[in-house]
Structure formats: C-alpha cells, structure tokens
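Asks: Once you've had a glance at the structure underneath, I'll fire off some questions.
The values are calculated or read from the model by the stated rules, or taken from the named source; none is laboratory data. As the structure is a prediction and not an experimental result, all values here were calculated from the model. No Cβ is skipped: glycine too gets one built from the backbone with ideal geometry, and neighbour counts run over all protein chains shown. These area figures cover heavy atoms from the full protein model, side chains too; ligands, DNA and RNA do not enter into them. Shrake-Rupley method; radii C 1.70, N 1.55, O 1.52, S 1.80 Å.
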Amino acid sequence: MASDSSFRTSSSRSIFEEPSNPYYIHHSDSLGQVLVLQLLTGDNYISWSRAMLIALSVKNKVGFVDSSIPEPQSADPILLNSWTQNNNMVLSWILNLVSKEISASVIFAASAREMWLDFRDRFQQRNDPRIFQLKRELINLRQDKDSVNTYFTKLKTIWEELSNYRPNCSCGTCSCGDVKNLTDFHHMEYIMSFLMGLDDSFSQVRGQLLLMDLMPPINRVFSLVVQEEQQRKTTQASGSHTPTDTMAFTIKSGNTKIHKPGS
C-alpha cells in the first residue's frame, strides 16, 4: 500500500512528474478517454472488469480501484490534490464505459474504489452458478451455419472463462507428473469440445484427427480444419466436384503433416 510518507518530500512536485509514479498524469490522459471497447451492461462483468484492469495497469492506476492507494490521511495539499485528480480521472474513465442505466446508479460514488466494489458486489456471480451456465453453453454450442473461425471464437471465449475457475498449482514446487497430466487432460477436453461441435460435413476430417497417435495443440487442430474449409471454398469457386475432405493427417517426429491421396 502506498504510504503518505512516500510522497511527502521537499521535492513532491517533481515526484508526481515521474512516469513510474501512480500519481503521474500523462498529457494525453483526459476525462473523456475510452480505455476498452465494451460497455459494462451487467451480464458481461467478468470480461469487462478483466479488460479494465489490463487498461488501468497500463495507465499505472490499478491502485485507485484495488485499495493499494487509498485517500491520503495527510494534510499535505499537494498530495491530497494529486490523489483527488487521479481518483476523479479514474472515476471518469469507468463512467465512460458503463451503460447509462448503470452510470446513473453510481454517479455519486466518492471514489473509484467505491464504484469498483459496487460493480463487483452487484454483478460478479458466484462461481458455481456461473460454471454451470458456461458448461451448459459449451455442451450446447454447435457450428451450425457459422464459419469455422466464428464457431471457434465462441468456443474459445467460453473455454477461457471456464479456465479461470479451474484450480491451479500456485506453490511453484509441484514436481510430480500430475500437474502436467491434468493440463494435458484439459487440453484434450478442449479439442474434443471443438471437434464435437463441428458440422457433420467435417466428419471425415474429424475422424482422421481422432486417429492421430499424437494430437496436435488446439490452435493447430483449428488451423487444419480451417484449411479444409478454405479448400472447399476454392473447389466450389472453380466448379470442381473433386472431394476435398479426403485429407489424411499423420504425425511424424512430433510434427503434423498433411498428405493428400496420391501424394
């Protein structure tokens, strides 16, 4: 936590002009600045708060929402004025990125931290109901008429949020193979979820991938399916009736290679 004494020196004015100081305000910073691309509507709190924390960390202002830079209890007018300026700047940035309905309910918040906690208390769902919701979305997700890229993006969005709720080893001393085995298991689940939701037109490619001795990473699996999709589009555009989903995938020396019939 930043202490008052850390800013109470004879050279206080120059300290606040240091870019590494959280009290520093860059000349490009303004009250109307928009830090992220999405508005907080309530149901998107998890992704919105994550994006906001990243943006605030770039601005070196996270301390004004996480309690590490509370309002100074000092009589130093320079310090108090600087804190007020920064607090109001962060308040404005947050208000710029919430819906009109929500902003009306927090407009009188005294600090950025107070506003941040209000959002967390109101919109952050308990883990179990949210995990249930995400699991259900994952099970029901299908490609339907979407492109492979659009379908994979939807899947990845759900999967990444689910991953945030999974317990991980944080002690840094785990040396057995269980952590790696668990990671590999989740990776395989990711791939299976992707393959299961693909349209039936990709059934042959899906089957060939499942026959691999060593399944490639999820991004490589996605790339191979996209290649098949693009090949079909090219074939259709040329008027050819040659089937394009007869690609056989093999693993050799740890690398995925694509072999077309007759090659």
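Asks: Exactly one of these conditions fails for ARG130: (1) closer than 30 Å to PHE194 by Cβ; (2) charged (D, E, K, R); (3) crowded, with 17+ Cβ neighbours inside 10 Å. Give me its number.
Replies: (3)
Asks: What's the number of the only condition in (1) closer than 20 Å to ILE46 by Cβ; (2) modelled with pLDDT of 95 or more; (3) open to solvent by 20 Å² or more (accessible area, probe 1.4 Å) that GLU114 fails to meet?
Replies: It fails just one condition, (1).
Asks: Can I ask one more? Kindly check whether there is at least one residue in the stretch 92-100 that is open to solvent by 20 Å² or more (accessible area, probe 1.4 Å), more than 18 Å from ASP29 (Cβ to Cβ) and free of Cβ contacts under 8 Å to residues at least 24 places away in the same chain.
Replies: yes
Asks: Only one of SER74, SER103 is surrounded by 15 or more Cβ atoms within 10 Å (Cβ to Cβ), of a type in the set (S, T, N, Q) and assigned to a helix (DSSP H, G or I); which?
Replies: When all the criteria are applied, what remains is SER103.
Asks: Here is a follow-up. For the stretch 77-86, how many residues meet the condition of being surrounded by 15 or more Cβ atoms within 10 Å (Cβ to Cβ) and either out of contact with any Phe, Trp or Tyr (no Cβ under 6 Å at 6 or more places or on another chain) or closer than 18 Å to ALA109 by Cα (or both)?
Replies: Number satisfying all stated conditions: 4.
Asks: Which residue, of THR256, THR250, THR183, THR246, is open to solvent by 70 Å² or more (accessible area, probe 1.4 Å), over 13 Å from VAL148 (Cα atoms), β-branched (Val, Ile, Thr) and at pLDDT below 95?
Replies: After applying the criteria, what remains is THR183.
Asks: So SER175 clears everything in (1) over 20 Å from ARG220 (Cβ atoms); (2) open to solvent by 80 Å² or more (accessible area, probe 1.4 Å); (3) at pLDDT 90 or above except one condition, right? Which one?
Replies: (3)
Asks: Can you find a residue that is at pLDDT 90 or above, among the charged types (D, E, K, R) and open to solvent by less than 60 Å² (accessible area, probe 1.4 Å) anywhere in the stretch 42-65?
Replies: Checking the stretch 42-65: at least one residue is at pLDDT 90 or above, among the charged types (D, E, K, R) and open to solvent by less than 60 Å² (accessible area, probe 1.4 Å).
Asks: Can you tell me how many residues in the stretch 189-205 are crowded, with 18+ Cβ neighbours inside 10 Å and over 28 Å from the mean Cα position of the chain (by Cα)?
Replies: Of the residues in that region, 2 qualify.
Asks: How many of the residues in the stretch 206-231 are surrounded by 15 or more Cβ atoms within 10 Å (Cβ to Cβ) and modelled with pLDDT under 90?
Replies: 0
Asks: Can you name every residue in the stretch 140-156 that is farther than 20 Å from SER47 by Cα, at pLDDT 95 or above and open to solvent by 70 Å² or more (accessible area, probe 1.4 Å)?
Replies: ASN140, ARG142, ASN149
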